[in-house]
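No value in this document is a laboratory result; all are computed from the given coordinates. The structure displayed is predicted, hence computed values, not measured ones. Note: ideal-geometry Cβ built from the backbone for every residue, glycine included; neighbour counts use all protein chains shown.
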């Protein structure tokens, strides 16, 4: 411990270099934390006990194909099924195609039974939504993005459906996956659309009595419709969302490859800095050894110094990410593509650990080299 | 002016430190070039698709063929319009099918009619033969056939309630059609019980006729169709690459700032080691600005070398085939990473800018070296 102040002084003797290195490492770790959080946001939809009990049924051929609405009654008879609602992805655009967000038409009657994790601001808002066929509910984050008020009229221009849907906001939702979504009545949509498209929802959302019933429900529903004109594919909500991520291509591979390369540049930067400062100090180290410092102690002191720089940089980068993304309205910045990013404390800790590892890897060999160098050689090198 | 040779030699003398900095810049450029190669590859599939004399007719407001459907009688009206040389009614359906790697994605199946091939002369059948009308047979693009399960020549996949046999492989010269499966219109319409057209592809008699037809179709109350130029239709879908493009610039800018700091470190070290040399240059009569320019140039050289190495590192990704979902048509698009000379030039320019910015402050410091004190020092 008595060498703490010695190490600290060494760390700051070339202040400019230390600051530049901290900033450089900070930038890279900021990037790594961002990418890691982005991947988390894409791959891990908030898994609540409620979402584990939700199952989605769709047409086996693909989402662009719809199923007869009569399936709902048959699904409700499957053992373990508590509730089921028709659900339709509306698509379309709100004012401008760039204003992307999820728009669903759902059966209002059992909407809150299937989504008990969705909270409406007040019981009045809930009543208004249930009672009015043209009412809609908006996620809170979404409402903030467009500055919507209760009672406001929202018009969605159709593209999948040849109709424009005009709804009035009854209230705001939060919890589960609702924060960035928009919901209105399926019955209302069903009335508006041409009769050849009517009575055919795209998905059914099922609420299971318990998560243990889910595998049996999946099997029974799919086998029930296997030989019909519209065979189905049923899966849990989580699996359904992951399916979308895999449709985007190999996002995980892309992000991990970028992160690996970035990590490599951090090692380079740290190694370069430490090599520079060790080279400058060759003579000093010889003197320390003359004074009786062991190679092990010198090695440790050098590594601690480099760890101090790297971990400071890493934590700064991670924390900058954490507070930057909290302060920013990500939905508006990315036009709804990434509704929010939250750099978790675990990720900040991860950044610290990565920086520590980088420091050890990048300093070990140059430091080992110099700590083992015979005193006479080191002194002579200084003279050159 | 101090000859650039001085800087190049100085860079070479400090091998290790230079190499590490250059490599840092190189990695930044390699990431930048690789991700942009992906964006360019993806976008070029849409930019290069379509014939300027072709019009795609889709249901008004539907934006894409996937969302579009209309009555087949419409074709008879359109076919006889002035300026129309040929018309092909088509149906588009999306199926969910596993990739070779296991996870499922959406593939577009196009039911084509007899004029369809003639209207798209760039598309060649490269293996097997064309499907026969009246049979559940299909031809698959080479890209899809390599990327999806059971879609090789002679294999068959289950669609709806029938088994469809792959009888031919086509090559659409890396256009958007390279991500499709084609079969006979009547067979597809029957299988999906959808006796409609998703789109009609028209060949017009000339540019004037195209513009005129677009106006007449838009104004015709009976039709309720949008007539979009085939090229325009696909160009609008280049937005598929936007998310990756934003990612590319975000990653590149952050990495570049980090690399700038690293370059600064190296250049500060370089100038402080050469304080005496710089003072000597001043004594020899070189001006301050000349020292400044010289060191900035040295840093730019460092950057350019890094940029070249970075491009070389990125080069192996060229031609790699990958895919993503086009969320406009809601189906898989297969594309190849594409590194063009322009992209490499951009990467090197990017590196030179990093070098320039990183070298500015150290160079300014160098140009202000106090001559007498520097000469007396032992540095």
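Using a 7 Å offset from Cα along Cα-Cβ at residue B:47, what residues in segment B:332-362 end up with backbone N under 13 Å from the label point?
In segment B:332-362, the label zone of residue B:47 (backbone N under 13 Å from the point 7 Å along Cα→Cβ) covers B:338-344.
How do B:180, B:277 rank when sorted from fewest to most other Cβ atoms within 10 Å of their own Cβ?
The fewest-first ordering by Cβ neighbours comes to B:277, B:180.
Debye calculation, C-alpha points only, no solvent: report log10 I(q)/I(0) for segment B:38-178 at q = 0.11 Å⁻¹, in the same order as the q values.
The Cα Debye sum returns log10 ratios of -0.47.
At 222 nm, what value in deg cm²/dmol follows for chain A if DSSP H runs of at least 4 each add -39500 (n - 2.57) and the sum is divided by all its residues, to the nearest 500?
Computed ellipticity for chain A at 222 nm equals -17500 deg cm²/dmol.
Where the convex hull is taken over the Cα atoms of the protein assembly as shown, what is its projected area averaged over directions, in nm²?
Across all orientations, the protein assembly as shown yields a mean hull projection of 40.6 nm².
Relative to the present Cα-Cα distance, how much length would full extension add between residue A:244 and residue A:345 at 0.36 nm per residue of separation?
Between residue A:244 and residue A:345, full extension yields an extra 33.6 nm.
Give me a single rounded figure for A:22-30: the average over its residues of other chain Cβ atoms within 10 Å of their Cβ.
Taking the mean over all residues of the peptide, I get 5.
Could you work out which residue, out of B:60, B:15, B:216, moves most in a Gaussian network model of chain B, that is, has the largest mean-square fluctuation with Cα springs under 10 Å?
Highest fluctuation among the options: B:15.
With just the Cα atoms defining each centre, how far is segment A:219-250 from segment B:213-261? Give it in Å.
Computed from Cα coordinates, the inter-centre distance equals 30 Å.
Could you work out Rg/(2.2 N^0.38 Å) for chain A, with Rg from alpha carbons only?
1.40
Across the Cα atoms of chain B, what radius of gyration and what greatest pairwise Cα-Cα distance (Dmax) are found, in Å?
Here Rg and the maximum Cα pair distance are 29.5, 96 Å.
Expressed as a whole percent, how much of the Cα-Cα distance distribution for segment A:161-217 exceeds 19 Å?
Tail of P(r) above 19 Å: 53 percent of Cα pairs.
Taking the Cα-to-Cβ direction at residue B:321 and at residue A:4 and moving 7 Å from each Cα, how far apart do the two end points lie in nm?
Going by the 7 Å Cα→Cβ label model, 6.2 nm.
Quick one: if the Förster radius is 41 Å, what FRET efficiency do residue A:187 and residue B:212 give, using the C-beta to C-beta distance and rounding to 0.05?
After rounding to 0.05, the efficiency reads 0.40.
How do B:3-10, A:214-221 rank on mean C-beta neighbours within 10 Å, highest first?
Peptide ranking by packing, descending: A:214-221, B:3-10.
How long, wide and thick is segment A:279-384, going by the Cα atoms along their three principal axes, in whole angstroms, largest first?
Taking the Cα atoms of segment A:279-384, the three principal extents are 65, 26, 17 Å.
Using a simple spin-label model with points 7 Å from Cα along the Cα→Cβ vector, what separation in nm is obtained for residue B:100 and residue A:324?
With each label point 7 Å from Cα toward Cβ, the separation is 3.8 nm.
Would you mind ranking A:106, A:338, B:283 so that the residue whose beta carbon has the fewest other beta carbons within 10 Å leads the list?
B:283, A:338, A:106
Taking every eigenvalue of the Cα gyration tensor of segment B:244-303, multiplying by 5 and rooting it, what semi-axes result, largest first, whole Å?
In descending order, the three semi-axes are 33, 12, 6 Å.
If I build a Gaussian network model for chain A, linking alpha-carbon pairs within less than 10 angstrom, which residue out of A:171, A:91, A:296 has the largest mean-square fluctuation?
Checking each option, the largest mean-square fluctuation is seen for A:296.
Per Stokes-Einstein, at 4 °C and 1.567 mPa s, what whole-number D in µm² s⁻¹ belongs to segment A:56-135, with the Kirkwood radius over Cα pairs as the hydrodynamic radius?
87 µm²/s
Mind checking the mean number of beta-carbon atoms from other chains within 10 Å of the Cβ atoms in A:253-266?
4
If R0 is 35 Å, what FRET efficiency do you get for residue B:377 and residue A:287 from their C-beta distance, rounded to 0.05?
Efficiency at R0 = 35 Å is approximately 0.95.
Of the residues B:160, B:359, B:310, which exhibits the maximal mean-square fluctuation in a Gaussian network model of chain B defined by a 10 Å Cα contact cut-off?
Answer for the Gaussian network model of chain B: B:160.
In what sequence do B:171, A:329, A:180 fall when counting other Cβ within 10 Å, fewest first?
A:329, B:171, A:180
Spin-label point model (7 Å from Cα, Cβ direction): what's the residue A:131 to residue A:44 distance in nm?
Modelled inter-label distance: 4.3 nm.
Taking every residue in A:224-237, how many Cβ atoms of other protein chains lie within 10 Å of its Cβ, on average?
Other-chain Cβ atoms within 10 Å of each residue's Cβ, averaged: 1.
If you line up the long axis of helix A:237-247 against the longest principal axis of chain A, both from Cα atoms, how many degrees apart are they, to the nearest 10?
With rounding to tens, the tilt is 70 degrees.
Can you give the angle from 0 to 90° between the axis of helix A:345-372 and the longest principal axis of chain A, with both taken from C-alpha atoms, to the nearest 10?
20 degrees
Calculate, axis by axis, the spread of Cα positions in segment B:1-69 along the three principal axes, and write the results as whole Å, longest axis first.
Its Cα atoms span 70, 26, 16 Å along the three principal axes.
What list of whole percents do you get for P(r) of segment A:212-348, with Cα-Cα distances grouped in 10 Å bins up to the one holding the largest distance?
That works out to 9, 19, 22, 17, 14, 9, 6, 3, 1, in percent per bin.
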